[in-house]
1. Within the range 117-138, is even one residue under 21 Å from residue 66 (Cα atoms) and at pLDDT below 95?
2. For the range 153-164, give me the residue count where each residue is modelled with pLDDT of 95 or more and either surrounded by fewer than 18 Cβ atoms within 10 Å (Cβ to Cβ) or under 14 Å from the mean Cα position of the chain (by Cα) (or both).
3. Kindly indicate whether any position in the range 57-67 is touching a helix residue (DSSP H, G or I) at 6+ places or on another chain (Cβ under 7 Å) and within 24 Å of residue 200 (Cα to Cα).
4. Identify, by number, the condition in (1) within 19 Å of residue 145 (Cα to Cα); (2) buried (at least 21 other Cβ atoms within 10 Å of the Cβ); (3) touching a helix residue (DSSP H, G or I) at 6+ places or on another chain (Cβ under 6 Å) that residue 46 doesn't meet.
5. Working carefully through the options 40, 8, find the one that is assigned to a loop (DSSP other than H, G, I, E, B) and touching a strand residue (DSSP E or B) at 6+ places or on another chain (Cβ under 6 Å).
6. Of the residues 87, 80, which single one is crowded, with 17+ Cβ neighbours inside 10 Å, touching a strand residue (DSSP E or B) at 6+ places or on another chain (Cβ under 7 Å), within 30 Å of residue 115 (Cα to Cα) and at pLDDT 95 or above?
7. What pairs can you find where one residue is in the range 187-206 and on the phi > 0 side of the Ramachandran plot and touching a residue at least 12 places away in the same chain (Cβ under 8 Å), the other is assigned to a helix (DSSP H, G or I) and surrounded by 13 or more Cβ atoms within 10 Å (Cβ to Cβ), and their Cβ atoms are less than 8 Å apart, with a gap of 6+ or different chains?
8. So which residues in the range 180-193 are over 17 Å from residue 156 (Cα atoms) and either modelled with pLDDT under 95 or out of contact with any helix residue (DSSP H, G or I) (no Cβ under 6 Å at 6 or more places or on another chain) (or both)?
């Protein structure tokens, strides 16, 4: 079994969750692979690029895969699992289901229009601790992915905080309602889930029989 971690939007492999889980997996003899989804080119980030990068990281075409994804990385993991049957398990931490419908209204019509017209918008990148330009192709590409097409039944653990201010927990509740083999936990936490990491690791151990 190969274990791959996908960090969130505007995050990095050095994020708290990524590094915490890498240490936890090491205690049971597993090397958790953490992909750098920025690829040194955050400005041209798209969901399609993240999906392609994840698949390239597969060791072989038949190695069973467990994908762990945080936020936008969770959405990426879900689409990879839909398309590639060697993905046997998904662990999704506050997955960014329907992210455009949550994010764009927060920006407002005027800012979205300006982004579209200029081609780029400055976004705060937590991993780099600075503003970076993001191409509007991020939106164009993301709009091509219809969540209703996520049909595959795959063993899935979702942990999504009730106080999530970025992606409402209802997004995961709806996903779980429409898919079999989903275990959904909703701790009293925000989008970061930082204070839940010890419990999250325990749940991962149970889910993966580690």
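1. The answer is no, given that none of the residues of the range 117-138 is under 21 Å from residue 66 (Cα atoms) and at pLDDT below 95.
2. 8
3. Checked the range 57-67: at least one residue is touching a helix residue (DSSP H, G or I) at 6+ places or on another chain (Cβ under 7 Å) and within 24 Å of residue 200 (Cα to Cα).
4. (2)
5. Answer to the check: 8.
6. 80
7. Listed pairs, sorted by first residue: 193/17; 193/200.
8. Within the range 180-193, 188, 190, 191, 192, 193 meet the criteria.
The values are calculated or read from the model by the stated rules, or taken from the named source; none is laboratory data. Not measured: the values here are computed from a predicted model. As a convention, Cβ positions derive from the backbone with ideal geometry for all residues, glycine included, and neighbour counts pool all protein chains shown.
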